[in-house]
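Comments concern the structure below.
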Amino acid sequence: MARDDTLKLGTFVYTFGFHPAAWLHPGSDVKGANDISHLAKVAKISEAAKLDFMFFADSPAAAVGHPEALARQPTKMNRFEPITAITALSMVTEKLGFVATASTSYYEPYNIARLYASADHISGGRMCWNVVTSDHDETGYNYNREGLDPHADRYARGEEFLDVVFGLWDSWEDDALLLDRENGLYHDKDKLHQLDHVGDHFQVRGPLNIARTPQGRPVIAQAGGSERGRELAARTAEIAFSLASNIEKNKAFYADVKSRMAKYGRAPSDLKIMPGIVINVGETREEAEVRAQEMVDHMHPEVGLLMLQEFLETDLHGADLDAPFPMDRMPEKAKGSEAMFAEVKEFVEQGLPLRELITHYARRHTGNGLTGSYLEVADFMQEWFEEEAADGFILMCPTLPASLEDFTRLVVPELQRRGLFRTEYEGNTLREHLGLSWPETRHAKARRAAE
């Protein structure tokens, strides 16, 4: 089906790449976790290819698990705080957007509103907040809690948290700053608003002490496959992440979430559905297969177990690698992402030997791995885009910068040749890149409605 928009593409960033053995890749910077120049290189590659943004996942805790595995898998053990990192990276780029994760469970709304507004000003309007409620027990122990709060409690807090942040970002109207030296007026007192929020979880007076940002307010991203997560995405999100394991499932997710937006007065085009996809690409499928297998060969079995048990949130240490998955260690339900848990459980129930399951998972993860020639990758993206299973993709590059360089060298030109991807940025802000509407403040809306 013909569309009048183009694909949106973002680079997913774990320091060395998405694959747990990425730090062993000869093209990686083994010191990159604490060297901003490594991430700056990834940012510049992304911007040169006209990608929409870099996306930083985060968990404010070191990973937990068997020490032998953790000593071989540095991704969550040593990495920058993402809001700090994206602010620094905005100084070495001009157009590229940045998405950083921060949890509603462990911040206060005023902190988040001020941090992201500051970063948005510094970057000239290129910031996005990925809203999460956190999904691993280890995080809670760093924030005066005994593990993870129940799912329903985290969502209730998160929903109110987001409403408060939106209210704070609406403190200043678009034209509140007068900057009138002649009359000595810095701002229009009638266009700066106190919030006075009192709710179940927060009491916040406001106003925010930083003005409206270059793109109105930072873009909002969210990942949530549960019923409550879908509803929150329809009400508030402008980027929604999903799994890319099955086109029919994603078409259903796409249609479901977008169909909910009208009741909130939102147009479907103001939400971009972007599945995450692990891509191994080459000139030919054979070349891509070799690259994918090289990474599997680098991975220690203990790291493979850690990778699998992280998503299932169960202890697999000591399990027989040549026997089927020990079903007595399968949790009854997800503590974190319900959609991701369901995908992994579906793999497990096939009865494969655990060693084979780990190898398969290392290649395809939760079914969202794609290995093939640049033409096959472009075909995949075109089909999902035209069939309205996706508005774009999060590129979960197995290694950084090598896999990203392969994608931008091979796939991006092919997408451009097909008219599916931009050749120049549409503007200066992330909101402009994504084709999102201007977020009018509640006070401007009320004034317009009264006129």
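Each reported figure results from applying straightforward, stated rules to the coordinates on display, with no laboratory input. Please read all numbers here as calculations on a predicted model, not as lab measurements. Methodologically, a virtual Cβ is constructed for each residue, glycine included, from the backbone with ideal geometry; neighbour enumeration extends over all protein chains shown.
A compact table of results
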read-out: Efficiency of FRET from Cβ geometry, Ala88 and Lys445, R₀ 35 Å, rounded to 0.05; value: 0.50
read-out: Neighbour-count order for Met127, Met91, Met381, Met299, fewest beta carbons within 10 angstrom listed first; value: Met91, Met299, Met381, Met127
read-out: Set of lysines near Lys272 by C-alpha distance (under 22 Å), chain-local residues within fewer than 8 positions excluded; value: Lys8, Lys50, Lys95, Lys249, Lys251, Lys258, Lys263
read-out: Sites matching GluC sites (Glu not before Pro) across segment 142-234 that sit in DSSP coil, with at most 10 neighbouring C-beta atoms within 10 Å; value: Glu146, Glu182
read-out: Residue order, fewest to most surrounding Cβ atoms within 10 angstrom, among Thr314, Thr139; value: Thr314, Thr139
read-out: Förster-model FRET efficiency, 45 Å R0, Asp180 and Tyr107, C-beta, rounded to 0.05; value: 0.80
read-out: Candidate lysines for bridging to Lys189, where Cα separation is under 25 Å - those fewer than 8 sequence places away on the same chain excluded; value: Lys445
read-out: About the Cα centre, charge dipole magnitude for segment 174-263 (Lys/Arg +1, Asp/Glu -1 at Cβ), debye; value: 400 debye
read-out: Full-stretch length increase - Ile122, Glu68 - with 0.36 nm per residue and alpha-carbon distance subtracted; value: 15.3 nm
read-out: Helical mean residue ellipticity (222 nm; -39500 (n - 2.57) per DSSP H run of 4+; nearest 500) of the chain; value: -12000 deg cm²/dmol
read-out: Extension gain, Asp328 back to His360 (0.36 nm per residue minus Cα-Cα distance, nm); value: 9.4 nm
read-out: Relative exposure of Ser437, Ser105, judged by other C-beta atoms within 10 Å (fewest first); value: Ser437, Ser105
